[in-house]
Amino acid sequence: MALDVHQTSAGDGEVAAISDKRPEKTFIDKLMSRPESGVIIAAIAVYLFFSAFAPHFFSERVSSNILLSSSTLGLIAVGVAVLMIAGQFDLSVGSVYGLSAGLVILSINAGIPAAVVLPLILVVGLIIGAINGYLVTKLGIHSLIITLGGLMFYRGVLLAITEGFPIRLQTPDAFLRAFDFNWHGIPGPFFWFLLLVVIFAFVLTCTRFGNWLFATGGSPEAARGMGVPSERVQITAFALTSMMACLAGYVSVARFSSVDALRGQGFELEAVLAVVVGGASLNGGYGSIAGAALGVLIIGMIQQGLLLMGISVYWYQAGIGLLLIVAAVVNQRVRIRNGV
């Protein structure tokens, strides 16, 4: 018995010695272990580049334009980030965004107060997302197929509603205007975007549902084995994603007071790009809301920076595609480094 105690003490001493020899993580190591590590570096690099080469990039007007252009896409990207962490995709968010804006205008023009239209359009988004989630989880159809069909269907409905021409609000609404204001150069929609970033970041990092999202995205089967209702989690994530797209559509009506048949076209790809640039994994189970928000701001800076430099807007698409490839490579290297 004495020999066993001696051996245990010796073993503990060896473990302690090994722990003492292990170097402590530096600030750089801790930073690189975060999903946002790559996008923080990218955001600083993009900002410094355009600050040096784009005239008036420091001006208040340009900063306000960046925040404003980032807000609508940011609302959509927050929902897409939640869904991608859960291991799924939604390619219909751009069409849902455009259709929701059209429904908001038609409803207000029909005499329904904007304050009543807001919860109604959010419920519409929840229903659309829940249907997508049900078809994916219960029928086993890949989310890209379901949501690609949704992209075409909802865009077709918007085309039928608008008949190819813009539709506009007939009378202004005081409640709707509350979503579009400017405070010391900061546009109102950006505050709503920032508020939702804080809320969803808290949900993902400090709640049981957030843990369920990461577990489901990492491995739905393993998550179910631990008692996580994976199917219900993914359906909820789909519902939240479409709801955020509808909220973005509502905010866009407050900003533009009109909608056309092409509203939101391509937003689904830009939202995925922002989330991937923000450090999310295409395989699920890894990512952050803060990273997605920074990814959206990078896209906004690139849009404004290219315009200020006098570069043709036709190069924007090429730059965004290159950014996606670089972001995927960098994020893969970061995950390998962190053993994720």
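The values are calculated or read from the model by the stated rules, or taken from the named source; none is laboratory data. Computed from a predicted structure; not experimentally measured. Note: ideal-geometry Cβ built from the backbone for every residue, glycine included; neighbour counts use all protein chains shown.
Test residue 98 against the criterion of being in contact with a Ser or Thr (Cβ under 7 Å, 6 or more places away or on another chain) and either under 30 Å from residue 222 (Cβ atoms) or in a helix (DSSP H, G or I) (or both), and give yes or no. Even if it seems obvious, please write down each step before you answer.
On the way: in contact with a Ser or Thr (Cβ under 7 Å, 6 or more places away or on another chain): no; either under 30 Å from residue 222 (Cβ atoms) or in a helix (DSSP H, G or I) (or both): yes.
Considered against the rule, which asks whether it is in contact with a Ser or Thr (Cβ under 7 Å, 6 or more places away or on another chain) and either under 30 Å from residue 222 (Cβ atoms) or in a helix (DSSP H, G or I) (or both), residue 98 comes out as no.
With a cut-off of at least 1 residues that are hydroxyl-bearing (Ser, Thr, Tyr) and surrounded by 12 or more Cβ atoms within 10 Å (Cβ to Cβ), name the helices (runs of 4 or more DSSP H) lying wholly within segment 139-208.
Filter on segment 139-208 gives 143-162, 188-206.
Condition check ((1) within 11 Å of residue 97 (Cα to Cα); (2) without any contact (Cβ under 8 Å) to a residue 60 or more places away in the chain; (3) surrounded by fewer than 23 Cβ atoms within 10 Å (Cβ to Cβ); (4) out of contact with any helix residue (DSSP H, G or I) (no Cβ under 7 Å at 6 or more places or on another chain)) across all residues:
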site: 227; (1), (2), (3), (4): no, yes, yes, yes
site: 232; (1), (2), (3), (4): no, yes, yes, yes
site: 237; (1), (2), (3), (4): no, no, no, no
site: 246; (1), (2), (3), (4): yes, no, no, no
site: 260; (1), (2), (3), (4): no, no, yes, no
site: 270; (1), (2), (3), (4): no, no, yes, no
site: 274; (1), (2), (3), (4): no, no, no, no
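Regarding residue 303, is this residue in a helix (DSSP H, G or I), within 22 Å of residue 42 (Cα to Cα), in contact (Cβ under 8 Å) with a residue 24 or more places away in the chain and more than 10 Å from the chain's Cα centre (by Cα)?
Working: in a helix (DSSP H, G or I): yes; within 22 Å of residue 42 (Cα to Cα): yes; in contact (Cβ under 8 Å) with a residue 24 or more places away in the chain: yes; more than 10 Å from the chain's Cα centre (by Cα): yes.
Yes, satisfied.
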Problem - Counted residues, segment 224-234 - those being part of a helix (DSSP H, G or I) and not small (Gly, Ala, Ser) - result: 5
Exercise for the section: Give me the pairs, please: first residue somewhere in segment 188-213 and under 16 Å from residue 287 (Cβ atoms), second residue anywhere and of a type in the set (A, V, I, L, M, F, W, C) and not in a helix (DSSP H, G or I), beta-carbon distance under 8 Å, and either six or more positions apart or on two chains. Expected result: 212/228; 213/86
Handout entry: Test for residue 215: is it at pLDDT 90 or above, surrounded by 15 or more Cβ atoms within 10 Å (Cβ to Cβ), among the small types (Gly, Ala, Ser) and within 16 Å of residue 289 (Cα to Cα)
Key = no
Handout entry: Exclusive hit being of a type outside the set (Ser, Thr, Tyr), in contact (Cβ under 8 Å) with a residue 60 or more places away in the chain, surrounded by 22 or more Cβ atoms within 10 Å (Cβ to Cβ) and under 29 Å from residue 177 (Cβ atoms), set 117, 39, 62, 124
Key = 117
Practice task
Examine segment 235-252 for a residue that is in contact with a strand residue (DSSP E or B) (Cβ under 9 Å, 6 or more places away or on another chain) and in a helix (DSSP H, G or I), and state whether such a residue exists.
Solution key: yes
Practice task
Kindly indicate whether any position in segment 279-290 is modelled with pLDDT of 85 or more and part of a helix (DSSP H, G or I).
Solution key: yes
Exercise for the section: Tell me which residues, restricted to segment 51-104, are touching a Lys or Arg at 6+ places or on another chain (Cβ under 7 Å) and either of a type in the set (Val, Ile, Thr) or farther than 23 Å from residue 292 by Cα (or both). Expected result: 101
Practice task
Could you tell me whether segment 116-136 includes any residue that is under 16 Å from residue 240 (Cα atoms), modelled with pLDDT of 90 or more and among the hydroxyl-bearing types (Ser, Thr, Tyr)?
Solution key: yes
